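Everything on this sheet refers to the single structure shown next.
The values are calculated or read from the model by the stated rules, or taken from the named source; none is laboratory data. Computed from a predicted structure; not experimentally measured. Counting neighbours? That spans all protein chains shown, and the Cβs are built from the backbone with ideal geometry, glycine included.
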């Protein structure tokens, strides 16, 4: 993670988080452990709970604990245990939080604010209008370019392939939702040789999808055409009983949204004539009354985490660098930030972009003196 | 132009521009004539000058004149004539303006404001801080999705092919500038079978280009690799003597930016050992001292207008619908708009997106009651 | 045309065609004039007729005539005049022929054989089983890679855009036929932002199209979905009355196959309630009884020639180099060739590939001694 | 595997292999077990050895054994054990063989011939000129369209991602070899957002790669540019010490060719200053004297098998259907086949294509009577 390493080197020198209590609700992975180490070397005390029991790696949790970090959550926790982890971290009154879903933020009400990493979390926070600032890490341009579009684009399809061993070329992939993540999933599906259909409710996103060459149609029409369905809407029950009734036998159903509510699992169970058969470890096959079978991947949980490795390290590198720099800004210059959801400051975004390009070995032009004069005169 | 037709039908009923003086500086094309007719049927008096002497169609000008519209400019006008056209329209004190380059806007200082259609124009207006509102038509999402990215992407390459008859497949195309237009040019060049190199000075745009799979490098390095160079930077002399010295013999040089300053024509002439030879109507071949030849397309003027038909009608349809609705808003609700460059109101953007999708025959999902409840609860 | 120039330089030295009578039926373009010059400098006497009255450039014809070449045909010739041109060249008993459609070959029965440039021509020749060899220039790998796939792919869409000024992004393009040319048209349409549907009757070609990510369906189903239809089948009436009855209003119909029989023009006229209106120079609009309008481009003639410039020079460069080297082989080593349609000798194909790569500035690896040993041992 | 199922249903009725001894050298996977069952239900006695100790699934082997099939080989076998398995099956004098690498074929010399599944195997067989027919399953069009291009294209990149967790977007991927498999790897890498460089020694393949938009250059030049290297040449040591000396630190090295000889492992070990460190289960990191590290994936073995699941079931479906039908033809009509490597009969290829399209739910046009007449008249 060269971008985070470069940020961490400076933070370790300057220790801008000395004495700061950081609460975090993140996926307990090896990459997260590197972020926690960076924050601690910057002077922070860190306490962490798991953003998703499916993604928690117990060896990571154990290593963090051994290292003096408060860790609350482990792989396979029940929903109650997951909630308890959040409550515990919130009860420690962190000064700032790092969040992935907004639940910790809303419980902890951190004095100096925090960062939020998911669209779902930001929707909720915007509605709640908190009295402290929350920096929308998820909406930074570097996040969009890496995490949402390319990171989830690759890993969601990777999850589908690992779960099912399907050959994507020649299949029809239906992508529900054309935000940044849906755009990435659609690009990668097309890049893998699939024909892609996009379903959207928002006219401008739908128009962009259509201009990018995808078919765009209502989801009930797409239900009859798709071989593989991937939900990335942030909404719920976007695939439901009406869709199941129309789908081809053998269809694969996967969710790449944060919560497991996008495919209506209750209606799927209700539509089936018998309990599902687990035909591969992460493929549950539901038989309909007319003999068709529908295959649910990863139990409807976020498929890139549940069936693959989640985001590539390169994605977390950028994401965590953004979050570390955002925490530094919240702690160092609290006066700069009004309450509520705020953008990550553009200079942080640009700095992360610059570090990432360096990591990729890409050099840029610098404007010439003449171009600078022109810009001053005309721009 | 079904989107503009749909807008025009309503404007003609409601006549919200009755008595309004509209000044326009636009390309004098058949599509522009349709916009002018729509504004006049909404009640406006219109006076127009030509945004570019190369693009003016004299039959269009004649028809408008015959119809009672003030028309100032014709094909092949000198720079002085072009400037005089702008001055004439400005002198008529229009209430609102439609502009393409900001020159009319800055000269006319319209009471109720106007719209601007180019990045270059907006840069200038932002610097000038006018005391009236200017709606950035060019930055509306429907404009980005249609005009900049897809419209110019297609037409710039179309201009290169018509001017030179080059086979794009197998060529290396260097795109200088990766704004929305550069993105479109790069996409279409790759889609035509070219290997694409992007040159940028802005880290976030450069990162996006790299993540989209393009090579990104400084322009002097790209100068040695390219077969075709296309400038879309809004800056000047981004290809200059240092580049000419490194280019391969036979390289094609085209500009798709608004002004003919992006390729340094003075340095090109200075680098050549003899006056250029016109080897096809829009290809001037410059011979260097070492025997290499460089081919300038369309004299460095905006290649999609000078060598092709400019924007497809589908693009102008959206663009002019946005501008007509923006003028209506400026006239109907002047109190809504603060001075300076302002975004087109999102509801106008969405309305145009909706009309365009209808024109493309694309239907969308509507959220279910359950999804609406979820959005209210969580969003 | 660097590849042909390189071939011509050697032929001019060696004069292998000294005293040979060459008959040619080709498009009368500037590129053809270069080929004729190369053959003449190799020692041949050349007589030429026009392969298509629409593509003939009269200035080229005049220059060839002035230069002592027999030229039969000019722009806008009637069908009878076209046939008379072929008869005249055939009557001169050429030793070898260069053909584009097989009509000259079948009329002239050249002693040493000839080359043929179109799929349609080869189909006919295979059926006729001539008593002399015909080298299938059209099936050489360099032709497939350049001419059919990339050359016609680009120029067919270029023809559609020039004729209609359509914005391809966001449109549904139906490609009828998925041979090499259809593959190229489909690739370029997708690369231009269109959604692409392929119609095929041959299972293996259809499977390849589907695996490449295109929708594949029967043409009557596609008729309801397409915005733009392009025929490249080599068959006739593949778009006919049944299709016209189902098409959306505003559909564009173009043919990129050799003959103007792929769109059934008789049934189109019969389906219309009035004579077509020419709304742009190469767009004839037919009105159906239910009010829908269908737009025929370039009168159903091969759209890349009739509405654009035909093949880019880079394509003709390779094609003509192949043909010049094929004629040399037919004349120098007639004993190598059995009667009937034969492949271009692979060493000619490889030589042209090598010259073309050199022209593109591409260097290749050479196998190491160790790799050669491995190949000898294992390969 | 619907295609094989459809073939198997007929074979089970007709029992064309009754009394035939079939020897097989294949990957011991679940899909292979289905093929074996199909052949046995057609009447054959089957004996099988493992084509690769890394890919053998011991539960599959056990189930086959339990079912009465002779199985020789298990996961992790030594090279000697692998050779012994081949010798055992060969010693049983099979009438026909199914092979994957030609070793069994050359050892068994089957009376009626066999099928071969790899380019490497075919190269060897062509050199050896056997006295019995070998049907080149690997060169059937359905194999090319599914197995080589799309199957290995997807699974090779899948192997790279699973081994390394790399984000492909923004990386430079160097593909060595542009046969069908290399074409597939290059397409999928570009489709995943990588910039792709192709290295080739054969001019026509190189030209096709270049026309498809890839950069093409000698491998030593590519060595300095790549982030990820994938070999698919069928040759040996195509990445060797000269390349290691030029590569960027952090480069990933993967082989997708049949044998683990394409990356020179001896020169890699020699270039390193210490034994490799296994940083992920299938990533061995070699440190060079100058501090750079190079990462070898899957020990240089075929990465789609060693690091992922090998071919998707959809690929094996087509491949095994081809092989089953080929064995049937060899046994039923031995007189049709001359000795040596022969193509799979086209009607088998077309039949498999037709069954695969049916499995994908794709319908085709049938030619109309008029089109048939035209074809008879002109074709």
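Residues of the range D:39-51 that are in a loop (DSSP other than H, G, I, E, B) and crowded, with 24+ Cβ neighbours inside 10 Å: D:42, D:44, D:51.
Does the range D:183-190 contain any residue that is within 24 Å of residue C:372 (Cα to Cα) and part of a helix (DSSP H, G or I)? Yes: the range D:183-190 contains one or more residues that are within 24 Å of residue C:372 (Cα to Cα) and part of a helix (DSSP H, G or I). Within the range A:238-264, the set of residues being surrounded by fewer than 20 Cβ atoms within 10 Å (Cβ to Cβ) and over 11 Å from residue A:302 (Cα atoms) comprises A:241, A:242, A:245, A:246, A:248, A:249, A:250. Of all residues in the range C:184-206, exactly one satisfies the criterion of being within 13 Å of chain B (Cβ to nearest Cβ), over 25 Å from residue B:164 (Cβ atoms) and in contact with a helix residue (DSSP H, G or I) (Cβ under 7 Å, 6 or more places away or on another chain), namely C:196. Only one entry in D:293, D:273, D:261, D:283 is assigned by TED's automatic domain parsing to the domain that holds residue D:165 and modelled with pLDDT under 95, namely D:261.
Filtered by the rule that a residue be assigned to a helix (DSSP H, G or I) and surrounded by fewer than 24 Cβ atoms within 10 Å (Cβ to Cβ), the range A:169-182 gives a lone residue, A:180. Each residue in the range D:139-153 was checked for being more than 14 Å from chain A (Cβ to nearest Cβ) and in contact with a helix residue (DSSP H, G or I) (Cβ under 6 Å, 6 or more places away or on another chain), and 2 pass. Scanning the range A:1-38 for residues that are in a helix (DSSP H, G or I), modelled with pLDDT of 95 or more and farther than 22 Å from residue A:358 by Cβ yields one hit, A:36.
Residues that are closer than 29 Å to residue C:55 by Cα and within 14 Å of chain D (Cβ to nearest Cβ) occur at least once in the range C:266-288. Scanning the range A:233-255 for residues that are closer than 25 Å to residue A:153 by Cβ, out of contact with any strand residue (DSSP E or B) (no Cβ under 7 Å at 6 or more places or on another chain) and either away from chain B (no Cβ under 14 Å) or in a strand (DSSP E or B) (or both) returns a single hit, A:248.
Looking only at residues that are over 30 Å from residue A:280 (Cβ atoms) and in contact with a strand residue (DSSP E or B) (Cβ under 9 Å, 6 or more places away or on another chain) in the range D:12-38, which one is surrounded by the most Cβ atoms within 10 Å (Cβ to Cβ)? Once the filter is applied, the top-ranked residue is D:23. Selection of the range C:132-157 for residues being touching a residue at least 60 places away in the same chain (Cβ under 8 Å) and surrounded by fewer than 24 Cβ atoms within 10 Å (Cβ to Cβ) yields C:132, C:133, C:136, C:139, C:141. Of all residues in the range D:58-79, those satisfying the criterion of being under 16 Å from residue D:34 (Cβ atoms) and either in contact with a helix residue (DSSP H, G or I) (Cβ under 7 Å, 6 or more places away or on another chain) or not assigned by TED's automatic domain parsing to the domain that holds residue D:21 (or both) are D:60, D:63, D:64, D:69, D:71. Here residue C:166 passes the criteria (1) out of contact with any strand residue (DSSP E or B) (no Cβ under 6 Å at 6 or more places or on another chain); (2) without any contact (Cβ under 8 Å) to a residue 40 or more places away in the chain; (3) within 14 Å of chain B (Cβ to nearest Cβ); (4) part of a loop (DSSP other than H, G, I, E, B) except the one numbered (2). Selection of the range B:169-183 for residues being more than 30 Å from residue C:358 (Cβ to Cβ) and free of Cβ contacts under 8 Å to residues at least 60 places away in the same chain yields B:178, B:180, B:182, B:183. Scan the range D:207-224 residue by residue and report those that are under 11 Å from residue C:142 (Cα atoms) and touching a residue at least 24 places away in the same chain (Cβ under 8 Å). If the condition is that a residue be under 11 Å from residue C:142 (Cα atoms) and touching a residue at least 24 places away in the same chain (Cβ under 8 Å), then D:208 is the only one that fits. For residue B:258, the conditions (1) more than 29 Å from residue B:273 (Cβ to Cβ); (2) more than 12 Å from chain A (Cβ to nearest Cβ); (3) in contact (Cβ under 8 Å) with a residue 60 or more places away in the chain all hold with the exception of (2). Given the structure, is residue C:335 part of a loop (DSSP other than H, G, I, E, B) and surrounded by fewer than 21 Cβ atoms within 10 Å (Cβ to Cβ)? Answer is no for this residue.
Annotation: of all residues in the range A:207-220 being over 9 Å from residue B:365 (Cβ atoms) and at the interface with chain B (Cβ under 8 Å from one of its Cβ atoms), the one that is nearest to the chain's Cα centre (by Cα) is A:208. Scanning the range C:295-314 for residues that are surrounded by 24 or more Cβ atoms within 10 Å (Cβ to Cβ), outside any loop (DSSP other than H, G, I, E, B) and in contact with a helix residue (DSSP H, G or I) (Cβ under 6 Å, 6 or more places away or on another chain) yields a total of 4. When residue A:93 is tested against (1) in contact (Cβ under 8 Å) with a residue 40 or more places away in the chain; (2) within 19 Å of residue A:344 (Cα to Cα); (3) in a loop (DSSP other than H, G, I, E, B), just one condition goes unmet, and that condition is (2).
A residue that is within 14 Å of chain B (Cβ to nearest Cβ) and free of Cβ contacts under 8 Å to residues at least 12 places away in the same chain occurs somewhere in the range C:363-373. Scanning the range A:188-210 for residues that are farther than 26 Å from residue D:157 by Cβ and surrounded by fewer than 24 Cβ atoms within 10 Å (Cβ to Cβ) yields A:201, A:202, A:203, A:204, A:205. All told, residue C:322 falls short of being closer than 28 Å to residue C:158 by Cβ, over 24 Å from the mean Cα position of the chain (by Cα) and buried (at least 24 other Cβ atoms within 10 Å of the Cβ).
Scan the range A:64-83 residue by residue and report those that are surrounded by fewer than 15 Cβ atoms within 10 Å (Cβ to Cβ) and assigned to a helix (DSSP H, G or I). Residues satisfying the conditions are A:65, A:66, A:79, A:80, A:83. You will find that of A:125, A:106, the residue that is farther than 30 Å from residue A:296 by Cβ, part of a helix (DSSP H, G or I), free of Cβ contacts under 8 Å to residues at least 60 places away in the same chain and touching a helix residue (DSSP H, G or I) at 6+ places or on another chain (Cβ under 9 Å) is A:106 and no other.
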